[in-house]
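Everything below concerns the one structure shown next.
Values quoted throughout were computed directly from the atomic coordinates according to the rules given, and no laboratory measurement underlies them. Predicted model, so just to flag it, every value in this text is computed and none were measured. Glycine also receives a Cβ, built like all others from the backbone with ideal geometry; neighbour counts cover every protein chain displayed.
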Amino acid sequence: MRRILIRRLMKTPLEEQELEIVERKGLGHPDYICDAIMDSVSIELNKEYERRFGGILHYNADKSLLVAGETEVRFGGGFVKKPMLFVFGDRATTEFQGVEIPVGEIAIRAAKKWIKENLRFVDPEEHVRYQVELKPGSAELTDIFRRGERVLGANDTSAAVGYAPLSRTEKAVLEIERFLNSKEFKRSYPETGEDVKVMGLRVKDELDVTIAMAFVDRYIDSEGEYFKRKAEVKEEVCQFLRSNFDFKNVRIEFNTLDVEGRGVSGLYLTVLGTSAESGDSGQVGRGNRVNGIIPLNRPVSSEAAAGKNPVSHVGKIYNILTHKMAERIYREVPGLDEVYVWLLSKIGQRIDEPAMTAVELVMKDDQKLEDIKGQVEEIINSELDRILEFCDELAEGKISLY
């Protein structure tokens with residue numbers, strides 16, 4: 001029998017609190033690149049293991065480092081002096097039943113494909129070097145996959161938490177970056193790079209947004225041209241926020257390190273549209289949580305989900321499942337302001353039988369816990385009962401992260 005705790009949380013909903021801070025690192029940010037590439041590696045490993053052996057073998061490709069390269073920025077177009085270095089790390093099964101698996105080739109191929117599809121100005125052959133440090137796993141963890149059990153045991157003792165719904169500020173920060181990196185926006189403003197970072201600060205009903213976005217030097221002929229384009233993009237963001245959100249007042253600051261009169265040294269210009277080309281390195285786990293933001297007012301999981309095994313590593317499974325559970329509870333159960341779901345695993349214990357499931361409900365004043373407790377428990381059990389289907393969706397990349 002599953003251990004499930006459902007309780008009322010006596011807390012002011014975040015939307016009604018005076019202060020809220022939310023961050024999002026966008027598509028071309030070095031940390032985002034690391035997360036996205038390692039999750040692409042995970043999906044390709046899943047396919048290869050399934051194709052060769054009919055099931056997913058042990059791996060955890062959840063460590064990586066993107067080492068910044070070196071460029072020379074110029075008005076009208078600079079050049080790359082030293083390529084970036086992408087390091088793939090942690091563990092993967094490289095041999096099974098006498099068959100060797102080309103893990104390194106799979107990892108590099110996945111990385112090149114992601115870069116080609118997502119970073120317009122980065123040539124995965126010319127601008128990035130690759131170093132594969134995926135080593136065989138420990139005997140005991142590897143043995144989990146050989147025990148013949150349909151539902152695997154957790155490969156770690158770990159906790160995760162998810163919540164619903166997103167606040168207005170969380171939605172705004174998330175959607176601003178998606179807007180700036182949308183295909184439509186890039187067609188209209190090709191000079192804007194993919195490296196976008198958005199920080200939102202809400203005080204009462206007023207929202208302050210700070211945006212850092214790389215511009216691509218080949219489209220900028222002068223300092224005056226840069227500031228002209230920057231003003232146009234800022235106005236587009238203002239229009240987007242006014243059209244989609246109802247804050248009392250919105251203030252936007254954009255590329256605040258810029259200083260007029262200093263030429264390229266005083267502007268956020270890049271050759272390739274990402275700070276990883278020269279100024280900033282990246283690492284798995286330093287970017288967005290699995291719901292796409294870094295919400296400083298919320299409880300968050302310490303595990304990075306990117307690259308982890310989708311059939312046994314609770315750092316991935318529970319990280320995402322808790323948000324899914326919370327969203328469903330909020331959607332289906334009446335009278336709720338917020339939902340928080342916690343899952344705790346115990347190493348070796350079946351992933352569909354957490355050591356603890358806890359649901360915390362911020363409820364409207366006229367709602368009673370006794371009236372909805374059974375419905376909440378039914379949702380939790382139904383999601384855990386179908387955890388194999390959920391893991392399959394993760395393995396196939398059908399559930400989008402970040």
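Which FRET efficiency value, to the nearest 0.05, is calculated for residue 249 and residue 378 with the Förster distance at 41 angstrom and r the Cβ-Cβ distance? The pair residue 249/residue 378 has a calculated efficiency of 0.45. Extension gain for the segment residue 7 to residue 324, taken as residue separation times 0.36 nm less the Cα-Cα distance, is 112.3 nm to one decimal. By the helix-only formula, in which each DSSP H run with n ≥ 4 contributes -39500 (n - 2.57) and the sum is divided by residues, the chain has a 222 nm mean residue ellipticity of -10500 deg cm²/dmol.
Between residue 96 and residue 74, full extension at 0.36 nm per residue minus the direct alpha carbon distance yields a gain of 2.8 nm.
The residues neighbouring residue 295, those whose beta-carbon lies less than 10 Å from its own, together hold a net charge of 0 under the Lys/Arg +1, Asp/Glu -1 convention. Going through [x] 1.06; [y] 1.00; [z] 0.91, the figure that equals Cα Rg over 2.2 N^0.38 Å as computed for the structure here is [x]. What the phi angles of segment 76-82 give under the Karplus curve with 6.51, -1.76 and 1.60, with θ = phi - 60°, is a coupling list of x, x, x, 8, 8, 8, 9 Hz, glycine and proline written as x.
Sorting 259-266, 385-392 by average packing, meaning the other beta carbons within 10 Å per residue, from highest down gives 385-392, 259-266. Packing order of peptides 313-323, 51-61, highest average first: 313-323, 51-61 (average count of other Cβ atoms within 10 Å over each peptide's residues).
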